[in-house]
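Student: Below you'll find the structure I mean.
The values are calculated or read from the model by the stated rules, or taken from the named source; none is laboratory data. Just so it is clear, the model here is predicted, and its values are computed rather than measured. Because the Cβ atoms are built from the backbone with ideal geometry, glycine has one as well, and the counts that use them run over all protein chains shown. Keep in mind that these areas ignore ligands, DNA and RNA; they rest on the heavy atoms of the full protein, side chains included. Shrake-Rupley method; radii C 1.70, N 1.55, O 1.52, S 1.80 Å.
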Amino acid sequence: MYSRYESAKEIYSKQGIDTEAVIEKLKNISVSLHCWQGDDVKGFDQDGPLTGGIQTTGNYPGKARTPEELMADMEKVMALCPGAKKINVHACYAIFEEDGFVDRDALEPRHFKKWVELAKKFGIGLDFNPTFFSHSKVKNGLTLSSPDKDTRDFWIKHGQACIRISEYFAKATGFPCVMNIWTGDGYKDIPADRMGPRLRYKESIEAILSVPFDKNLVKPCVESKVFGIGVEAYTVGSAEFSLSFAAMHEGCLPLMDNGHYHPTEVVSDKIPALLTFFPEIALHITRPIRWDSDHTVLFDDETKEMAKEIVRCDALDRVYMALDYFDASINRIASWVIGFRSWQKALLSAMLTPNAKFKTLQDENKLSELIIAQESVKVLPFGDVWNEYCNRLGVPTDCTLWDEIAKYESEVLSKRV
Ligand code: RNT
Ligand code: ZN
């Protein structure tokens with residue numbers, strides 16, 4: 001019998017698209033899976049709440065409480081998601097064994113040995129993030145930009161320790177490690193000095209990047225933000241600050257989180273702008289909604305548009321893609337899986353688009369035809385290719401996804417009381 005996929009394959013081939021080649025390519029594009037969705041960004045190195053301009057809401061039962069639980073959940077997530085992965089670890093997920101706790105300024109590669117073991121088990125890479133929040137040494141909401149030298153020095157040492165850990169990750173796994181610097185530094189209300197904190201922030205990040213490291217192995221990034229909860233008036237690491245910092249420091253990448261801009265700005269438009277100048281850029285893929293930057297990623301218009309830009313700029317090897325959202329109000333595995341699969345769908349949809357044909361229409365100024373062509377692609381049988389992709393990679397299709405998650409919920413998550 002002629003399957004739905006066979007029929008879709010033929011329809012796409014009339015558009016000049018080889019679905020077989022697309023499936024082969026997509027399965028090898030790696031996307032970084034954030035460890036912090038599983039425990040509401042809590043980590044293992046301190047007992048306090050999540051503070052520092054970000055917040056999780058909801059208390060759905062079953063959150064991971066230990067490294068073992070978190071890693072088991074991540075393994076489940078990976079089994080439900082098609083496509084290549086990396087694992088994104090935050091420094092607060094250090095695992096202290098026999099020799100006990102050390103503070104963030106003294107972290108060493110050995111505290112992340114178990115993460116390396118997990119990555120190696122799957123033959124995948126690791127990314128890393130210093131954790132500049134949820135800690136007593138965040139002084140008056142500030143870390144690297146604090147006017148207090150001891151505070152800055154503590155956090156600089158943390159950043160430097162993280163460079164060493166990132167290099168260890170890259171060497172141990174054989175994949176470069178993207179190390180992202182984000183702080184919530186800023187003020188709730190109108191500051192009297194906007195430049196002073198930025199000058200200190202610049203010097204502190206420079207001090208972190210002054211430790212020797214191999215630029216092919218460690219890819220440091222700076223992530224900007226427009227505002228955070230409790231930090232509404234002023235963010236030190238604003239868009240202009242971060243972009244300028246990356247532009248002026250060779251080997252440092254700008255990282256755009258699409259939850260960190262004004263509501264009418266779109267990261268899809270910023271991707272080609274940055275690719276015009278930077279050899280490599282990094283993304284945090286998320287879904288902003290009103291004041292929150294971190295809802296579960298969906299297969300929505302802007303998500304598709306971002307993937308489309310990466311694909312049609314032929315930049316899949318120049319853009320480091322990582323997920324960054326956290327939802328504690330629904331099954332956390334579901335949130336993780338929905339987001340990862342949505343980004344996979346967005347990439348697939350972008351690769352099933354006749355981009356070259358569309359560009360020609362634009363260059364020939366056939367703009368009416370272009371709209372018709374772009375609209376027509378929206379109703380092609382994308383779902384049949386998606387289902388085929390899931391089947392071939394041995395993961396559930398959307399129809400049976402909840403059954404799998406519900407089973408894990410009843411067998412594993414519901415026992416965590
Ligand atoms: C916060 C930033 C940052 C964090 C993670 C946990 O607004 O997006 O990337 O979400 O570091
Ligand atoms: Zn982010």
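Student: Which whole-number percentage describes the relative contact order of segment 276-355, with Cα contacts under 8 Å and a sequence gap of 6 or more?
Tutor: Averaging sequence separation for qualifying contacts and normalising by length gives 40 percent for segment 276-355.
Student: In debye to the nearest 20, how big a dipole does the chain give about its Cα centre with +1 on each Lys and Arg Cβ and -1 on each Asp and Glu Cβ?
Tutor: Here the size comes out at about 300 debye.
Student: Something else about it: Would you grab the residues whose amide H sits under 5 Å from the one on residue 32? Only those 5+ places off in sequence or on another chain, please, with H modelled 1.01 Å from N.
Tutor: For residue 32, the qualifying residues are 86, 321, 322, 323.
Student: Positive end of the charge dipole of the chain (Lys, Arg +1 and Asp, Glu -1 on Cβ, about the Cα centre): tell me which of 37, 112, 379 has its Cα farthest that way.
Tutor: The listed residue farthest towards the positive side: 112.
Student: Return the sequence-ordered ³J(HN,Hα) values of segment 19-24 in whole Hz as given by the Karplus equation 6.51 cos²θ - 1.76 cosθ + 1.60 applied to θ = phi - 60°, using x for Gly and Pro.
Tutor: 5, 4, 5, 5, 4, 4
Student: Here's something else I'd like to know. Mind checking the dipole of segment 240-358: about its Cα centre, +1 per Lys or Arg Cβ, -1 per Asp or Glu Cβ, Debye to the nearest 20?
Tutor: Its charge dipole is roughly 440 debye.
Student: Given charges of +1 on the Cβ of Lys and Arg and -1 on the Cβ of Asp and Glu, with all other atoms neutral, how large is the dipole of segment 280-417 about its Cα centre, in debye to the nearest 20?
Tutor: In total the dipole reaches around 180 debye.
Student: Here is a follow-up. Measuring from centroid to centroid over Cα atoms, what is the spacing of segment 5-69 and segment 129-171 in Å?
Tutor: When both Cα centres are located, 26 Å separates them.
Student: How large, in percent, is the carbon and sulfur part of the accessible surface of the chain at a probe radius of 1.4 Å?
Tutor: Its accessible area is 54 percent carbon and sulfur atoms.
Student: Is the shape of segment 228-305 best called rounded, prolate or oblate, per the rule: a/c under 1.5 gives rounded, else a/b larger than b/c gives prolate, else oblate, with a ≥ b ≥ c the square roots of the Cα gyration tensor eigenvalues?
Tutor: The shape class here is oblate.
Student: Is the C-alpha gyration tensor of segment 26-122 telling us rounded, prolate or oblate? Criteria: a/c under 1.5 is rounded; beyond that, a/b larger than b/c is prolate, otherwise oblate.
Tutor: Cα axes put segment 26-122 in the oblate bin.
Student: Find how much the distance from residue 164 to residue 411 grows on full extension, using 0.36 nm per residue of separation minus their present alpha carbon separation; answer in nm with one decimal.
Tutor: Taking residue 164 through residue 411 to full extension adds about 85.0 nm, to one decimal.
Student: For residue 232 and residue 25, calculate 0.36 nm times their separation in residues minus their Cα-Cα distance, and state this gained length in nm to one decimal. Intermediate values should be presented prior to the final figure.
Tutor: On the way: separation 207, 0.36 × 207 = 74.52 nm, distance 4.21 nm.
That works out to 70.3 nm of additional length.
Student: FRET efficiency for residue 314 and residue 362, Cβ-Cβ distance as r, R0 = 25 Å, nearest 0.05?
Tutor: The value I calculate is 0.95.
Student: Give me the percent relative contact order of the chain, please, defined on Cα pairs under 8 angstrom at least 6 residues apart.
Tutor: Values: 744 pairs, mean separation 80.6, N = 417.
Here the relative contact order equals 19 percent.
Student: In nanometres, what is the gap between the two model label sites at residue 121 and residue 403, each 7 Å from Cα along Cα-to-Cβ?
Tutor: Reported label-point gap for residue 121 and residue 403 is 2.6 nm.
Student: Okay, next question. Return the FRET efficiency for the residue pair residue 15, residue 276: r is the Cβ-Cβ distance, R0 is 30 Å, and the value is rounded to the nearest 0.05.
Tutor: Values: r = 28 Å, r/R0 = 0.93.
After rounding, the FRET efficiency stands at 0.60.
Student: What is the calculated FRET efficiency for residue 375 to residue 247, with r their C-beta to C-beta distance and R₀ = 41 Å, to the nearest 0.05?
Tutor: Efficiency computed from Cβ-Cβ geometry: 0.65.
Student: If you average the alpha carbon positions of segment 358-398 and of segment 287-313, how far apart do those two centres end up, in angstrom?
Tutor: If you average the Cα positions of each part, the centres end up 17 Å apart.
Student: Starting from the amide H of residue 234, placed 1.01 Å from N in the peptide plane, find each other amide H under 5 Å away whose residue is 5 or more places distant or on another chain.
Tutor: Amide H neighbours of residue 234, under 5 Å, 5+ apart: 187.
Student: Next question. Does segment 94-179 classify as rounded, prolate or oblate by the C-alpha gyration tensor (a ≥ b ≥ c root eigenvalues; a/c under 1.5 gives rounded; else a/b over b/c gives prolate, otherwise oblate)?
Tutor: prolate
Student: Would you please state the base-10 log of I(q)/I(0) at q = 0.06, 0.09, 0.14 1/Å for the chain, with intensities from the Debye formula using one equal scatterer on every alpha carbon?
Tutor: Summing over Cα pairs of the chain leads to -0.25, -0.56, -1.32.
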